[in-house]
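> Take this structure first; my questions come after.
Readers should treat all values here as calculations from the given coordinates under stated rules, not as data from a laboratory. Predicted, not measured: the structure shown is a model, and the values here were computed from it. Please note: Cβ atoms are built from the backbone with ideal geometry, for glycine as well, and neighbour counts cover all protein chains shown.
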């Protein structure tokens, strides 16, 4: 029997968001990121993967490489699937995933299991 593997695509983490793209913004990537990655802004106001040290600004809908203009989920009301998000690698001390979820909640994005 053939095994079929489903690949989750852009925006697969979004369970619900307000109508009319109210929750979305446009920005420029400062590094290569995968779809559904938790984001922060670097000192040049470019979007980069959240590493636990900055402030969460949203979630990438589409992936891209440095310099790409992208749309990202920037505010709520919205709900996302925790199992589909790309989180920062946990350090020895841990807490990066929890910090990501807390940061998303502060901008109105609820993370669901």
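> Only Cα pairs under 8 Å and at least 6 apart count here; give the relative contact order of the chain as a rounded whole percent.
29 percent
> Rounded to the nearest 0.05, what FRET efficiency is calculated for residue 106 and residue 1 with R0 set to 30 Å and r the Cβ-Cβ distance?
0.05
> GNM on the chain, C-alpha springs below 10 Å: top fluctuator among 89, 37, 55?
Comparing 89, 37, 55 in the GNM, the peak value goes to 89.
> Multiply the residue separation of residue 22 and residue 69 by 0.36 nm, subtract the distance between their alpha-carbon atoms, and state the gained length in nm to one decimal.
Using 0.36 nm per residue and subtracting the Cα-Cα distance, I get 15.1 nm.
> Over all directions, the average projected area of the alpha-carbon convex hull for the chain comes to how many nm²?
Average projection, Cα convex hull of the chain: 8.5 nm².
> Moving to a separate point now. Cut-off is 10 Å between beta-carbons; in what order do 16, 1 appear when sorted fewest neighbours first?
Ranking 16, 1 by Cβ neighbours within 10 Å, fewest first, gives 1, 16.
> OK, next. Can you compute the helix-only [θ] at 222 nm over the chain? Use -39500 (n - 2.57) per DSSP H run of at least 4 residues, normalise by all residues, nearest 500 deg cm²/dmol.
Helix contribution divided over all residues of the chain: -3000 deg cm²/dmol.
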